[in-house]
Amino acid sequence: MNRTQAQRFKLHGTHRGIIRGPSRDAVLGLLETLPRGDGVLILQNLDHPGRYVQVLLQGDGLLRLEVRDDDPPRHLMTRTLSRDRVADAFEGWASEIHDPDHDRWRDVFHWEDISAELLDPPAGG
């Protein structure tokens, strides 16, 4: 991905400002300082607002990694202890936006589809 493409991404999260075009090292550095229980980082592409990758540092130390796709709409979740794998996932996700053949980063995780919980409209409304 070139520098212009990278600038189309923004990283933000718990007690953080917005970083445009974050590097893998920037993501890794922020992962190291996330507060347990409510620490969140979100990477979004400005050209695809319905898509993002995010991570939550849970109270037990597990990193809950989630990916929201928009075509088709789905929301996937996995857990890991590895900050390196999460940084790789953020980098891979950003590359995949510009080249769908760069989706091998997904293969290192066991994904759970949680779309029904998050994407379906509430009953009766």
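Mind jotting down the distance between the C-alpha centroids of the stretch 74-99 and the stretch 17-63, whole Å? Centre-to-centre (Cα) distance: 10 Å. Each residue of the stretch 73-82 was assigned a 3J(HN,Hα) from its phi angle through the Karplus expression (A = 6.51, B = -1.76, C = 1.60, θ = phi - 60°), giving x, 7, 9, 10, 9, 8, 10, 8, 9, 8 Hz with x at Gly and Pro. Taking the Cα centre of the chain as origin and assigning +1 to Lys and Arg Cβ atoms and -1 to Asp and Glu Cβ atoms, the resulting dipole is close to 520 debye. Projecting the Cα atoms of 65, 28, 46 onto the charge dipole of the chain (Cβ charges, centred on the Cα centre) puts 28 farthest toward the positive pole. Backbone geometry of the stretch 22-30 corresponds, through the Karplus equation with coefficients 6.51, -1.76 and 1.60 at θ = phi - 60°, to 3J(HN,Hα) couplings of x, 7, 4, 5, 5, 4, 4, x, 5 Hz, x marking Gly and Pro.
Using a probe radius of 1.4 Å on heavy atoms only, what accessible surface per residue do you get for the stretch 10-125? Whole Å² is fine.
Details: 6340 Å² over 116 residues.
Spelled out: the 1.4 Å probe surface of the stretch 10-125, per residue, equals 55 Å².
For residue 18, the accessible surface of its heavy atoms amounts to roughly 110 Å² (probe 1.4 Å, protein chains only, rounded to the nearest 10).
Which of the three applies to the chain, rounded, prolate or oblate, going by the alpha-carbon gyration tensor with a ≥ b ≥ c and a/c under 1.5 meaning rounded? Write out the running numbers ahead of the final one.
On the way: a/c = 1.43, a/b = 1.10, b/c = 1.30.
Since a/c stays below 1.5, the shape of the chain is classed as rounded.
Could you compute the net charge surrounding residue 78? Neighbours are other residues with a C-beta less than 10 Å from the C-beta of residue 78; K and R count +1, D and E count -1. Could the numbers behind the result be given before it?
Numbers: positive: 64, 79, 85, 106; negative: 66, 112.
Net charge around residue 78: +2.
Sequentially through the stretch 37-52, phi angles give Karplus couplings (6.51, -1.76, 1.60; θ = phi - 60°) of x, 9, x, 10, 10, 10, 10, 10, 9, 5, 8, 9, x, x, 10, 6 Hz, Gly and Pro residues having no value and appearing as x. The portion of the accessible surface of the chain made up by carbon and sulfur, rounded to a whole percent, is 47 (1.4 Å probe; DNA, RNA and ligands excluded).
The values are calculated or read from the model by the stated rules, or taken from the named source; none is laboratory data. All values derive from a computational prediction rather than experimental measurement. When we count neighbours, we look across all protein chains shown, and the Cβ atoms used for this are built from the backbone with ideal geometry, even at glycine. Side chains are part of the model used for accessible areas, which takes the heavy atoms of the whole protein and leaves out ligands, DNA and RNA. Shrake-Rupley method; radii C 1.70, N 1.55, O 1.52, S 1.80 Å.
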